[in-house]
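A short write-up of the structure that comes next.
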Amino acid sequence: MSTRTVHTVHPSPLGDLLLTAAVSPASPMLTSLSLPGQSGAPAVRAEDLDDRPFIEAHRQLDAYFAGRRTRFDLPLAATGSPFQQAVWQALDSVPYGTTATYGALAARLGVPRAELRAVGRALGANPLLVLRPCHRVIGADGSMRGYAGGVERKRWLLTHEGALQPTLV
């Protein structure tokens, strides 16, 4: 069985999201979701554009941005070290509309405080932004800290989910 990588673009309030998937005869598995301008986003080729494997992802993302979905139920196949995989899976336990600190996430994983930066690096390498909600992880003082998609997008996502109050201007 051969596997090929395909991509699509999903319009969103954050800009056009780039989704990639590994497609085999069995089923497509999402390998990344990147935001516009994100460093480390995968390089794609025009000839690999294919919307068909992403029908369910489009449906769920539309529902999320419309405020009708709080969790994603999509097949994910992100590549990372065992430690990164553990950190990314732990993100699934941070509920919609809430936040967790880097320290709390590290404690859930049994990572000593002295190795807290390793958790931050693993979050920074998360290839499935929005789907694996690293935007819900904040500093112990409530600060936004880094986000691969940009701190303003992190703030937008947390406001959208109700974890932050909208800023009046």
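The values are calculated or read from the model by the stated rules, or taken from the named source; none is laboratory data. As the structure is a computational prediction, the values presented were derived from the model and not from experiment. Heads up, the Cβs are rebuilt from the backbone with ideal geometry, glycines too, and the neighbour counts pull from every protein chain shown. We work out accessible area using only protein heavy atoms, side chains counted, and drop any ligands, DNA or RNA first. Shrake-Rupley method; radii C 1.70, N 1.55, O 1.52, S 1.80 Å.
Inside the stretch 132-169, can you point out the residues that are closer than 24 Å to LEU76 by Cβ, charged (D, E, K, R), outside any loop (DSSP other than H, G, I, E, B) and out of contact with any His (no Cβ under 6 Å at 6 or more places or on another chain)?
Of everything in the stretch 132-169, those that are closer than 24 Å to LEU76 by Cβ, charged (D, E, K, R), outside any loop (DSSP other than H, G, I, E, B) and out of contact with any His (no Cβ under 6 Å at 6 or more places or on another chain) turn out to be ARG136, ARG153.
Which numbered condition in (1) in contact (Cβ under 8 Å) with a residue 40 or more places away in the chain; (2) of a type outside the set (Gly, Ala, Ser); (3) closer than 18 Å to TYR96 by Cα is the only one that ARG145 fails?
In the conditions (1) in contact (Cβ under 8 Å) with a residue 40 or more places away in the chain; (2) of a type outside the set (Gly, Ala, Ser); (3) closer than 18 Å to TYR96 by Cα, ARG145 misses (3) alone.
Could you list, in sequence order, the residues of the stretch 82-112 that are of a type in the set (Ser, Thr, Tyr), in contact (Cβ under 8 Å) with a residue 40 or more places away in the chain and out of contact with any Gly (no Cβ under 7 Å at 6 or more places or on another chain)? Show your work before the answer.
Our first condition is that a residue be of a type in the set (Ser, Thr, Tyr); within the stretch 82-112, this holds for 93, 96, 98-99, 101-102.
Cutting the leftovers down to in contact (Cβ under 8 Å) with a residue 40 or more places away in the chain gives us 96, 98-99, 102.
TYR96, THR98, THR99 - these are the residues of the stretch 82-112 that are of a type in the set (Ser, Thr, Tyr), in contact (Cβ under 8 Å) with a residue 40 or more places away in the chain and out of contact with any Gly (no Cβ under 7 Å at 6 or more places or on another chain).
Starting from residues that are touching a Pro at 6+ places or on another chain (Cβ under 8 Å) and assigned to a helix (DSSP H, G or I), keep the ones in the stretch 27-71 and report whichever is least open to solvent (accessible area, probe 1.4 Å).
In this case the residue turns out to be PHE54.
Among the residues of the stretch 132-162, write down those that are out of contact with any helix residue (DSSP H, G or I) (no Cβ under 7 Å at 6 or more places or on another chain) and aliphatic (A, V, I, L, M).
ILE138, VAL151
Return the residue satisfying two criteria in turn: it lies in the stretch 1-10 and is among the β-branched types (Val, Ile, Thr) and open to solvent by 30 Å² or more (accessible area, probe 1.4 Å), and of such residues it is farthest from ARG132 (Cα to Cα). It would help to see each step written out before you state the result.
Kept after step one, since they are among the β-branched types (Val, Ile, Thr), are these residues of the stretch 1-10: 3, 5-6, 8-9.
Those still in the list that are open to solvent by 30 Å² or more (accessible area, probe 1.4 Å) too: 3, 5, 9.
Values: THR3: 23, THR5: 20, VAL9: 18 Å.
Top of the filtered list is THR3.
Would you please name the residue that is modelled with the lowest pLDDT, looking only at residues in the stretch 11-26 that are open to solvent by less than 50 Å² (accessible area, probe 1.4 Å) and farther than 16 Å from TRP156 by Cβ?
SER24
Would you pick out the residues in the stretch 77-97 that are open to solvent by 50 Å² or more (accessible area, probe 1.4 Å) and more than 17 Å from GLY124 (Cα to Cα)?
SER93, PRO95, TYR96
Do we have any residue at all in the stretch 10-20 that's touching a His at 6+ places or on another chain (Cβ under 6 Å) and among the β-branched types (Val, Ile, Thr)?
Yes, the stretch 10-20 contains at least one residue that is touching a His at 6+ places or on another chain (Cβ under 6 Å) and among the β-branched types (Val, Ile, Thr).
Checking SER2 against (1) at pLDDT below 95; (2) in a helix (DSSP H, G or I), which test does it fail?
Only one criterion in (1) at pLDDT below 95; (2) in a helix (DSSP H, G or I) is unmet by SER2, namely (2).
For GLY150, are the conditions met, namely being in contact with a Gly (Cβ under 8 Å, 6 or more places away or on another chain), under 20 Å from LEU33 (Cβ atoms) and open to solvent by less than 50 Å² (accessible area, probe 1.4 Å)?
In short, yes.
If you go through the stretch 116-135 one residue at a time, do you hit one that is loosely packed, with under 14 Cβ neighbours inside 10 Å, out of contact with any Gly (no Cβ under 6 Å at 6 or more places or on another chain) and of a type in the set (Gly, Ala, Ser)?
no
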